[in-house]
Amino acid sequence: MSTFDPEVPCRVHDGLNDEFIEWEPQWAPLYHDYGVKQEEGVVAWDGLLLDGWIPTSHQHRSGH
């Protein structure tokens, strides 16, 4: 999650439920305010454990 940009639409992986979620950039302020780093590469946010992301098809493939 170190390269994750919450301002950009993408898909984030929730390790708690083992599913991908479509990320909405309007959530970025909440992510910045309430996201808590749990361990290397994992951020707790809104009841989720975000542990990875992938770009949507119209972005560069640079995320993990």
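Miscellaneous remarks
- Long-range neighbours under 8 Å by Cβ, at least six apart or interchain, first residue within 12 Å of Ser2 (Cβ to Cβ) within segment 23-48, second open to solvent by 100 Å² or more (accessible area, probe 1.4 Å): Gly41/Ser2; Val43/Lys37
- Count of segment 47-59 residues which are modelled with pLDDT of 95 or more, open to solvent by 30 Å² or more (accessible area, probe 1.4 Å) and not aliphatic (A, V, I, L, M): 2
- Total residues in segment 1-45, condition assigned to a loop (DSSP other than H, G, I, E, B), modelled with pLDDT of 95 or more and among the charged types (D, E, K, R): 4
The values are calculated or read from the model by the stated rules, or taken from the named source; none is laboratory data. None of the values given here were measured: they were computed from a predicted structure. We place every Cβ from the backbone using ideal geometry, glycine too, and count neighbours over all the protein chains shown. SASA here: full protein model, heavy atoms, side chains in, ligands and nucleic acids out. Shrake-Rupley method; radii C 1.70, N 1.55, O 1.52, S 1.80 Å.
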